[in-house]
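The values are calculated or read from the model by the stated rules, or taken from the named source; none is laboratory data. This one's a predicted model, so the numbers in the text were calculated from it and none came from an experiment. Note that each Cβ is placed from the backbone with ideal geometry, even for glycine, and that neighbours are counted across all protein chains shown. Please note that ligands, DNA and RNA were not included when accessible areas were found on the heavy atoms of the full protein model with its side chains. Shrake-Rupley method; radii C 1.70, N 1.55, O 1.52, S 1.80 Å.
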Amino acid sequence: MVSTRRTTKAPSSSSRPSSPSPPPASPRGRKRTPSASTILRSGTKKNGEEDIPISTGKETKNHQKHGYEFGGPIGAICITILLPLTCYFLVFACNETTGCDFIESIIGLAEKKKNFSLLMIPEKMTPVFSLESCVLFLGWIGWCVMLHALLPASIVKEGVDIISGESGGEKARFRLRYKLNGFRVFMTTAVACAVGTYFGQIQLRSLHAKFLSLLTAGCAFAFALTTFLYVASFRVNKSDKSKKKEKKTRKSDGIDNGPVVLANGGNTGNVAYDWFIGRELNPRFSNSLFDAKVFCELTPGLIGWLLLNFGFMHEQYARLGFITKSMVLVNAFQLMYVVDALWNEPAILTTMDVTTDGFGFMLVFGDLVWVPFTYSLQCRYILENNVDISLAMTAFIVIVQATGYYVFRQSNGQKNTFRTNPNDPSVRHLKSLKTKRGTNLLISGWWGIARHVNYFGDWLMAWAWCLPCGFDHVAPYFYVAYFGVLLVHRDLRDGEQCELKYGNDWKRYCDIVRFRIIPYVY
Ligand code: NDP
């Protein structure tokens, strides 16, 4: 699936003694790459690990070595078409008008039956397109951007070292500062919704009727935003005059976002592929702390998902006069998942989405459309099929969720702490493998059990979100199936990237930690 990728020229080991708090990379926290061809220079690390020489220069020109993932340009085009179609399929093949029998829907599609469910607009939903929903969707994004800008940030933190090809194919090692206030945005939105609902100004239950047209608005927005980001990633080719002007501005506000940094994987020169993967690594405009990728990863999509869930719960209450245990469970679990992500917001900075992947259609659509509109399927299913479960089943599902959450939180927390402060008492005792790259790999604790035991915890939670839907249809199990495939694929991608980053050290690590995701199974 993945062929060769551009590689940083592997250094022999050039290291400095480690220190818990090394000096900042530059007065503004970021190093510029000299334009000389192949040279080695030291990167600056904060976590007390060894510095690594970085190769900069022309050997990595972006039109030369690059590799494709996701089946290359053809795969990227197919996925771009399939993702929105899948979102629509889930609405058309599973709703009150047509039922939720996927098999029947697919047979109907094959036989082109007249009264076939995939061609029938769900009765209780507005048409596929509505201007009102477009305004609502844009208003929602605008609300999140406004709160992000206005609310104080509890942490303005530096991310981890990002090593990437700058425009022109050079390599840069740098740290960016982030304004992280997703949890406050969530709390403010929650209070606003509660007050609005109390005074009858907000009807969350109306989100059910608008679901289909909101999906269309989201898809249109994702295509537009991706195209804007792709075009904007070429802004590096600006005149020297404007460069000087920009430099002046940076001095005045003290924030330096530096030059446009391109993602290794999304800078192949193929328009369709780069548009899909994302050409720019961390799009930032003007010298502000607004990071489009980190913002979209955590704020509008995740909180929007919760609003849809609550809307379905509200609708159930309006229809039945009570809320079923199934609905309570799924709402509570998914609320917990999102609150956890927002509370532990800095942990996003060490994930591959932030450090490695560009911000293209894959992430834009994933964050803003796929997550809210497909992850809310279970709640919508419970509403539309009036599902409830027994107390014994409820207790069993709570145990599955608690186990999954424990594994997920502990393992992610352990790696995040180790990456940001390896001397922290909670991780200092853990064994790790020294690598030539400089960033050590944990070989005991959670990361000694399996290479991605955090995925296992996440997948267990996925089961806990689907089981409350009962066993009448496979439709609500879409999430657990899709997520299993995603995690296996993600593990393979991460393994390939780690092999490129760590070379033989990664092979040594894999010999020590044999299991990929599920201990003793896979
Ligand atoms: P991980 O948090 O698993 O991070 C992978 C990175 O961790 C590697 O690239 C490597 O980076 C570092 N690493 C790997 N092994 C070790 C080790 N032994 N010791 C120290 N560092 C190591 O990546 P993801 O971003 O894929 O996942 C984060 C969480 O998000 C997961 O729990 C996942 O389940 C969840 N997730 C949820 C999704 C959803 O839709 N619900 C979608 C995707 C992810 P380096 O060495 O360069 O630091």
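Scanning segment 478-494 turns up one or more residues that are over 20 Å from Glu69 (Cβ atoms) and either in contact (Cβ under 8 Å) with a residue 24 or more places away in the chain or acidic (Asp, Glu) (or both). Mind checking which residues of segment 197-228 are over 16 Å from Gly304 (Cα atoms) and open to solvent by less than 30 Å² (accessible area, probe 1.4 Å)? Within segment 197-228, just Thr226 meets the criteria. Residues of segment 511-522 that are assigned to a helix (DSSP H, G or I) and over 15 Å from Gly445 (Cα atoms): Asp511 alone.
What residue, among those in segment 432-458 that are more than 8 Å from the ligand (Cβ to nearest atom) and hydrophobic (A, V, I, L, M, F, W, C), is surrounded by the fewest Cβ atoms within 10 Å (Cβ to Cβ)? Applying the filter and picking the extreme gives Ile449.
Looking across segment 490-513, the residues that are open to solvent by 60 Å² or more (accessible area, probe 1.4 Å) and within 13 Å of Arg437 (Cα to Cα) come down to Glu499, Leu500, Lys501, Asn504. For segment 463-477, which positions are assigned to a helix (DSSP H, G or I) and either without any contact (Cβ under 8 Å) to a residue 40 or more places away in the chain or open to solvent by 10 Å² or more (accessible area, probe 1.4 Å) (or both)? Once the filter is applied, which keeps residues that are assigned to a helix (DSSP H, G or I) and either without any contact (Cβ under 8 Å) to a residue 40 or more places away in the chain or open to solvent by 10 Å² or more (accessible area, probe 1.4 Å) (or both), segment 463-477 yields Trp463, Leu467, Tyr477. If the condition is being at pLDDT below 80 and open to solvent by 30 Å² or more (accessible area, probe 1.4 Å), then segment 127-159 contributes Ser154, Ile155, Val156, Lys157, Glu158. Inside segment 318-346, residues that are acidic (Asp, Glu) and more than 16 Å from Asp458 (Cα to Cα) make up a count of 1.
Just to be sure before I move on: is Leu487 open to solvent by 20 Å² or more (accessible area, probe 1.4 Å), within 11 Å of the ligand (Cβ to nearest atom) and either modelled with pLDDT under 95 or within 19 Å of the chain's Cα centre (by Cα) (or both) in the structure I sent? Here the answer is no, as Leu487 does not meet what is asked. State whether the residues of segment 294-315 include one that is without any contact (Cβ under 8 Å) to a residue 12 or more places away in the chain and over 25 Å from Ser133 (Cβ atoms). No, that holds for no residue. So which residues in segment 422-472 are of a type in the set (Phe, Trp, Tyr) and under 24 Å from Glu496 (Cβ atoms), if there are any at all? Trp446, Trp447, Tyr455, Phe456, Trp459, listed by residue number. Among the conditions (1) in a helix (DSSP H, G or I); (2) under 23 Å from Asp357 (Cα atoms), Thr439 misses just one, which is (1).
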